[in-house]
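Visitor: Below you will find the structure I want to go over with you.
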Amino acid sequence: MYLSHSKTSHYEKCPFSYYLSYNFNLKCSANKGMEYGTINHNTLEDINNLIISGKDVEINRELIHCIVEKYVKEYDFDKDAIESITDNLLYYWDEIGSKIEVLESEYDFRLIKSNHILNGSIDLIYKQDDKIHILDYKTGEIDEEFSETYKNQLYTYALALKDDPKYKDSDFGNLQIYSINKRSTFNIELEEDKLTKRAEEIEKVAERILNNDFKERAYKGGEIPKTCSKCMYKFMCIPKNQI
């Protein structure tokens, strides 16, 4: 069975929602936030790949703006929005990107275990102070309510690299989430006991999915969790007078 961080996280939040999404292939339509995310990720991937290639190219506002315009064509963004995206990406480059050694961009991994195969892609792997760092880009605000989800995502990536022949013997530094729009970083220290715990949690999720264990729901009555308030299936769980 194939798993990814997004699938694992989805199941952990609500097995019933996971069942509807993946067993019936029900997906939510793209929204503006997703479009911003796609443009940001694609632009940063191009910039990071330019750095990795070793080409003698100056990363400046003009270049970033040019790349953004390449990806924004298929979406409905006005001039102010394009300028804002460019400004935020230029800030990232000036404050972080230009000060690190970029090793990998959108690095694909496959972690093979007894009851599942974990696939994924890491936004950025970089080197600084002789240590390997993992960074994931987010477009919006880094919500403290979902800090555990961020930690699980980064620990999942660390598990993959610890099993990767290219990086398994590396000295790892902090794990990071970077919010592009808010220009802020969420840092997590890598701890071996938590890494082991995350591996066990993923294996447990795989086991439950293989056993068709989808009955549990995030909403259990009373106050509506934030996860449920944004769920496309909430009408199936929450009374109409509470939605």
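The values are calculated or read from the model by the stated rules, or taken from the named source; none is laboratory data. Since the model is a prediction, treat every value here as computed from it, not as a measurement. Glycine also receives a Cβ, built like all others from the backbone with ideal geometry; neighbour counts cover every protein chain displayed.
Visitor: Taking the range 178-234, which residues are charged (D, E, K, R) and assigned to a loop (DSSP other than H, G, I, E, B)? Quick ask: steps written out before the conclusion?
Guide: Going residue by residue through the range 178-234, those that are charged (D, E, K, R) are 182-183, 189, 191-194, 197-198, 200-201, 203-204, 207-208, 213, 215-217, 220, 223, 226, 230, 234.
The answer is Lys182, Arg183, Glu189, Glu191, Asp213, Lys215, Glu216, Arg217, Lys220, Glu223, Lys230.
Visitor: Right, another one. Kindly indicate the residue of the range 80-110 that is surrounded by 17 or more Cβ atoms within 10 Å (Cβ to Cβ) and without any contact (Cβ under 8 Å) to a residue 24 or more places away in the chain and also nearest to Glu62 (Cα to Cα) among those meeting that condition.
Guide: Ala81
Visitor: Taking the range 115-168 as the region of interest, how many residues are surrounded by 19 or more Cβ atoms within 10 Å (Cβ to Cβ), of a type in the set (Ser, Thr, Tyr), without any contact (Cβ under 8 Å) to a residue 40 or more places away in the chain and assigned to a helix (DSSP H, G or I)?
Guide: The number of residues fulfilling the criteria is 1.
Visitor: Moving to a separate point now. Does Tyr22 satisfy the condition of being within 21 Å of the chain's Cα centre (by Cα) and crowded, with 19+ Cβ neighbours inside 10 Å?
Guide: On the way: within 21 Å of the chain's Cα centre (by Cα): yes; crowded, with 19+ Cβ neighbours inside 10 Å: no.
No.
Visitor: Out of the residues in the range 30-57 meeting the condition of being acidic (Asp, Glu) and modelled with pLDDT under 95, tell me which one is surrounded by the fewest Cβ atoms within 10 Å (Cβ to Cβ). Break it down into steps so the answer makes sense when it comes.
Guide: Narrowing the range 30-57 to residues acidic (Asp, Glu): 35, 45-46, 56.
With modelled with pLDDT under 95 added as a condition, the list becomes 35, 56.
Values: Glu35: 18, Asp56: 6.
My answer is Asp56.
Visitor: Report, by residue number, each residue of the range 35-61 that is assigned to a helix (DSSP H, G or I), more than 17 Å from the chain's Cα centre (by Cα) and either of a type in the set (Asp, Glu) or closer than 25 Å to Asp76 by Cα (or both).
Guide: Scanning the range 35-61 gives Asp46, Ile47, Arg61.
Visitor: Would it be correct to say that Tyr75 is surrounded by fewer than 20 Cβ atoms within 10 Å (Cβ to Cβ), outside any helix (DSSP H, G or I) and touching an Asp or Glu at 6+ places or on another chain (Cβ under 8 Å)? If you could, list the steps in order and put the result at the bottom.
Guide: Working: surrounded by fewer than 20 Cβ atoms within 10 Å (Cβ to Cβ): yes; outside any helix (DSSP H, G or I): yes; touching an Asp or Glu at 6+ places or on another chain (Cβ under 8 Å): yes.
Spelling it out, Tyr75 is indeed surrounded by fewer than 20 Cβ atoms within 10 Å (Cβ to Cβ), outside any helix (DSSP H, G or I) and touching an Asp or Glu at 6+ places or on another chain (Cβ under 8 Å).
Visitor: Which residues, counting only those in the range 1-28, are among the polar types (S, T, N, Q) and in a loop (DSSP other than H, G, I, E, B)?
Guide: First, the residues of the range 1-28 that are among the polar types (S, T, N, Q): 4, 6, 8-9, 17, 21, 23, 25.
Of everything in the range 1-28, those that are among the polar types (S, T, N, Q) and in a loop (DSSP other than H, G, I, E, B) turn out to be Ser4, Asn25.
Visitor: When you check Glu207 against the structure, is it in contact (Cβ under 8 Å) with a residue 40 or more places away in the chain and farther than 22 Å from Leu111 by Cα, yes or no?
Guide: Details: in contact (Cβ under 8 Å) with a residue 40 or more places away in the chain: yes; farther than 22 Å from Leu111 by Cα: no.
Judged against the criteria, Glu207 is not a match.
Visitor: Within the range 105-113, is even one residue of a type in the set (Phe, Trp, Tyr) and in a helix (DSSP H, G or I)? Write out each step before concluding.
Guide: First, pick out the residues of the range 105-113 that are of a type in the set (Phe, Trp, Tyr): 107, 109.
Keeping just the survivors that are in a helix (DSSP H, G or I) gives none.
Within the range 105-113, none of the residues are of a type in the set (Phe, Trp, Tyr) and in a helix (DSSP H, G or I).
Visitor: On to the next question. Mind listing whichever residues of the range 1-19 are among the polar types (S, T, N, Q) and crowded, with 18+ Cβ neighbours inside 10 Å?
Guide: Scanning the range 1-19 gives Thr8, Ser9, Ser17.
Visitor: So, one more: Show the residue pairs meeting these rules: Cβ distance below 6 Å; 6+ apart or different chains; first residue within the range 53-72 and without any contact (Cβ under 8 Å) to a residue 24 or more places away in the chain; second residue of a type in the set (Lys, Arg) and loosely packed, with under 11 Cβ neighbours inside 10 Å.
Guide: Pairs found: none.
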